Amino acid sequence: MSANLMYILRQDGSICGGFPVKSNVNNIQDVTFDQDWKELLAKREHRIIDSIRLSDKIYPANHMDNITWRMELFPLEGKEQDSPAFSCIIKSIDMQTVDANLNNINSLRTIIDAMPFGVAVIRRDKHVHIMNQAALNLAGYSSMEEFATLKRPCQDTFCPAPKNECPVWDKGQRFDKTERGFLMRDGTSLQVLKSAVPINIEGETMMLEGIIDLRKQKDLELLAYSDPLTGILNRKGMRDKFKHIQDQTAAGKQNYTVMMFDLDDFKRINDNYGHFAGDNVLRFFVQCVKTELQIEDIFCRWGGDEFLVITAMNIQDCLPIVQRIIENAKVAPYKNEAWGDISLRFSVGIADIERSMTLDQTVHKADVYMYNAKRSHIGIYYEKQCKDDVN
């Protein structure tokens, strides 16, 4: 025998509808006697109880071998004494299915625990079913057992939200991805990115929620866009920043200038002094340039010993800045303890960024002027100078 049972209950637990109908079954306590029904009904909460015993009034004991019963209690709107106050659904699950579900749950726990970010599985009553260690650590709890002692819904623990405002459970969204606050054990909160989707577990719809600490997300983005040797932007970071430059120039809102720096004979430094010294020379050069730049200028290591600066200054304003960088590198060269002073020489190409020009076109244009400077051994070569030479 494995039929399901469904009853409509009044506030006092008396049955006012449902099936199976039996003359000796008038109260939910006649159905299952191993629950504290007075307390359950007084709380008026959605509850799921995974294993209950049915009374002999429903099925004789010898008919229930290898069957476990699972009960779900739903509060209804009625609060008057004689009005329907709850629906109670009792489902039978054979032990083979229970074992399979337990295996599935254990597999799910293993997968979730291996995730590098926070993951929680939340039941429809908004209580946490599973929470991985990354989420527990983020919230400030040592274990799921410690978190479970709170016996409070997720809105009162780690996911503060107005009542009836849960995007999935209350508003019926199939998917939710939003930045929101994450409440920690000590009462403070931080911004996280939450992604939530419904998931079926043991025949019940639950919510699978991913929780990403935006502080770490920003750290990862910073690493992705930064040159690890010098700490300035890398090529990917420059491409990201250039989107704004391109929008501004295309709209005619702002003019920009590009400067391409290339260290002369950098291979000689690596060959003569070693790559460790070469790395330090690159860091030293970056500091020489940074001291002369404005805070809004964009500075990146384009690759190897090539560096790119994009600024809102015009070419004429850039020239004295580049000249100072050249002179400063001569006056205060990189000092190597083993080999003494290592002088720096570099070539610079300077050009206007034309309207709607791509980053690759911009780099190519500056690159041409930089190689003109390198071939001519004059240090700096710029767009107006090239036009003057032609004229």
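Here segment 348-381 is the region considered, the condition is being within 42 Å of the chain's Cα centre (by Cα) and of a type in the set (G, A, S), and the residue that is farthest from M259 (Cα to Cα) is S356.
Among the residues of segment 218-226, at least one is surrounded by 11 or more Cβ atoms within 10 Å (Cβ to Cβ), of a type in the set (F, W, Y) and closer than 30 Å to I112 by Cα.
Cβ separations smaller than 6 Å between residues 6+ apart or across chains give the following pairs from segment 23-52 residues that are surrounded by fewer than 18 Cβ atoms within 10 Å (Cβ to Cβ) to residues that are among the hydroxyl-bearing types (S, T, Y): N27/S14; F33/S55; S51/T68; I52/T32.
The set of residues in segment 211-256 that are in a loop (DSSP other than H, G, I, E, B) and on the phi < 0 side of the Ramachandran plot comprises D227, P228, L229, T230, I232, N234, A251, K253, Q254, N255. Hey, does segment 276-287 have a residue that's buried (at least 16 other Cβ atoms within 10 Å of the Cβ), under 37 Å from the mean Cα position of the chain (by Cα), within 24 Å of I378 (Cβ to Cβ) and free of Cβ contacts under 8 Å to residues at least 60 places away in the same chain? Checked against the condition, which is being buried (at least 16 other Cβ atoms within 10 Å of the Cβ), under 37 Å from the mean Cα position of the chain (by Cα), within 24 Å of I378 (Cβ to Cβ) and free of Cβ contacts under 8 Å to residues at least 60 places away in the same chain, segment 276-287 yields at least one hit.
Residues of segment 112-140 that are within 20 Å of the chain's Cα centre (by Cα) and within 20 Å of D186 (Cβ to Cβ): G118, A120, M131, Q133, A134, A135, L136, N137, L138, A139, G140. Selection of strands (runs of 3 or more DSSP E) fully inside segment 1-93 by the criterion of at least 2 residues being touching a Pro at 6+ places or on another chain (Cβ under 9 Å) and at pLDDT 85 or above returns 5-9.
The condition of being among the acidic types (D, E), assigned by TED's automatic domain parsing to the domain that holds W69 and touching a Ser or Thr at 6+ places or on another chain (Cβ under 9 Å) holds for only one of D56, D12, D36, D50, that being D50.
Of all residues in segment 269-292, exactly one satisfies the criterion of being at pLDDT below 90 and not in a helix (DSSP H, G or I), namely G274.
The values are calculated or read from the model by the stated rules, or taken from the named source; none is laboratory data. In this text, all values refer to a predicted model and were calculated from it rather than measured experimentally. Don't worry about glycine lacking a Cβ; one is built from the backbone with ideal geometry, like all the others, and counts go over all protein chains shown.
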